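Just below is one structure, and these are the notes that go with it.
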Amino acid sequence: MISREEIEKKRSPRGLRLFVRRVIEKVRLITDERHKAMRRVGLYKVFTDEIIPLSLFALRVYPTTYSVQPVIGNQGYDALVKNKRGRIVDHLEITWPQYGKRKSDDALMIVRRGYGDIDVYSPVKI
């Protein structure tokens, strides 16, 4: 359903966002693929943790004449951004705190029983 070659294609910021939306729509329709994506199995981990936020960031920050090329691996950046002349203008790294064990356990519950943990909070008075 998703391949490294497709992910690493150079696209405009809008093209990257459209690619992400197409993949999400395809994955939603196939139960096994949807469950893999929810559990972040294989390339779905990279797609969910890096490519989706990258597509939103690039669309917001870079002009349409720039290109964004995601790069999978351990090279210290997740994407190359080039201007219309093909010159690299940025190396992007997408990162934020993760609650991996909790997210993984919750995804497994959703796949197995149809719903995950339920958190209830009291409203905060300010």
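The values are calculated or read from the model by the stated rules, or taken from the named source; none is laboratory data. Remember, it's a predicted structure, so these values are computed and weren't measured experimentally. Neighbour counts are summed over all protein chains in view; Cβ atoms, including those assigned to glycine, are modelled from backbone coordinates with ideal geometry.
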Open item on the list: Please pick out the residue among GLN98, GLN75 that is without any contact (Cβ under 8 Å) to a residue 12 or more places away in the chain and part of a loop (DSSP other than H, G, I, E, B).
Closed with: GLN75
Open item on the list: Just the residues that are crowded, with 17+ Cβ neighbours inside 10 Å, of a type in the set (Lys, Arg) and farther than 28 Å from TYR115 by Cβ, please, taken from segment 36-93.
Closed with: LYS82
Open item on the list: Which numbered condition in (1) surrounded by 14 or more Cβ atoms within 10 Å (Cβ to Cβ); (2) out of contact with any strand residue (DSSP E or B) (no Cβ under 9 Å at 6 or more places or on another chain); (3) of a type outside the set (Phe, Trp, Tyr) is the only one that ARG22 fails?
Closed with: (1)
TODO: Could you please let me know if GLN98 is among the polar types (S, T, N, Q) and farther than 24 Å from MET1 by Cα?
DONE: yes
Task: Residue pairs meeting the criteria (Cβ under 7 Å; at least 6 apart or on separate chains; first in a helix (DSSP H, G or I) and at pLDDT below 95, in segment 56-67; second loosely packed, with under 14 Cβ neighbours inside 10 Å and among the charged types (D, E, K, R)) - done: none
